[in-house]
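Laboratory data are not the source of any read-out in this text; all were calculated from the coordinates shown. Here the structure is a predicted model, which is why all the values come from computation and not from measurement. All Cβ positions, glycine included, derive from the backbone under ideal geometry; neighbour counts span all protein chains shown.
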Amino acid sequence: MCGLKPESKCCTLFQDSYFSWHELGIGKQLTSLFIFGLICIFLLAMSESGVIRKMRIKIEKYKSSRRSVFKQIYETMELSDVDVANENRRITHATITTLALTDALIIKGLTKMYKGKFTAVDNLNLGVKKGEIFGLLGINGAGKTTTFKMLTGDCSITSGDAYINSFSIKNHRRKAHSYLGYCPQFDACIEELTGRETLTMFGRIKG
């Protein structure tokens, strides 16, 4: 009969339930989307709660502890600039509590090492006193941008830490960033927003 009349209904496959797991059903697709959605929600919650960042910090801290030779090399390296040597000594030998009395920004042993054992920032120590204007100068590739990325949380810290108004970038990032304003190298403004809307948005983000 189907051979004589191909358009006959007997040649058409039917599925009683749209949610069937078998052919012509969308059960497999819906289940896959549901599982994928749960995974995305879980990863988002982990990221927003800071769990992933803390795990990454612990892993990098463990790796950096095995590379303490870099710190030893830095400590034995002769510093030609007296001011740099004095600042390095001041930050290294003083406690954070003591430094926080005079310094708004404290960078202590800040190090960033990328994959392939490339060291972008090597044990940086400096402090910026309250009310002071400080300029960080250096040639291309000296690690200036990487330093600011670590301060703003755009990239993780391999070892060391930075403190803004005594709040640690690693452990109290939200509180530290509430005292931080950052103008990036490239334009980061959203073109669709007005000046007032931009200020309102960032004001709400910072609290």
Using the crude model of +1 on Lys and Arg Cβ and -1 on Asp and Glu Cβ, and no other charge, please compute the dipole size for the range 51-206 relative to its Cα centre, in debye to 20. 960 debye
Between ASN86 and ILE59, what length comes free when the chain is fully extended (0.36 nm per residue of separation minus the Cα-Cα distance, one decimal in nm)? 6.5 nm
So for the pair THR95, ILE41, with labels modelled 7 Å out along Cα→Cβ, what separation do we get in nm? 4.6 nm
The answer for VAL121, listing residues at least 5 apart or on another chain whose modeled amide H is closer than 5 Å to its amide H, is LYS112
J(HN,Hα) series, the range 42-58, from Karplus relation 6.51 cos²θ - 1.76 cosθ + 1.60, nearest Hz, glycine and proline x: 5, 5, 5, 5, 5, 5, 5, 7, x, 5, 5, 5, 5, 5, 5, 5, 5
Using the 10 angstrom Cβ neighbour count as an exposure proxy, how do VAL84, VAL121 rank, fewest first? VAL84, VAL121
Once you put a point 7 Å from the Cα of LYS115 and another 7 Å from the Cα of ILE139, both along the Cβ direction, what distance in nm separates them? 2.8 nm
Using Cβ contacts closer than 10 Å as the measure, can you line up THR146, THR95, THR152 from fewest to most? THR95, THR152, THR146
Where labels lie 7 Å past Cα in the beta-carbon direction, separation of THR194 and LYS129 in nm: 4.3 nm
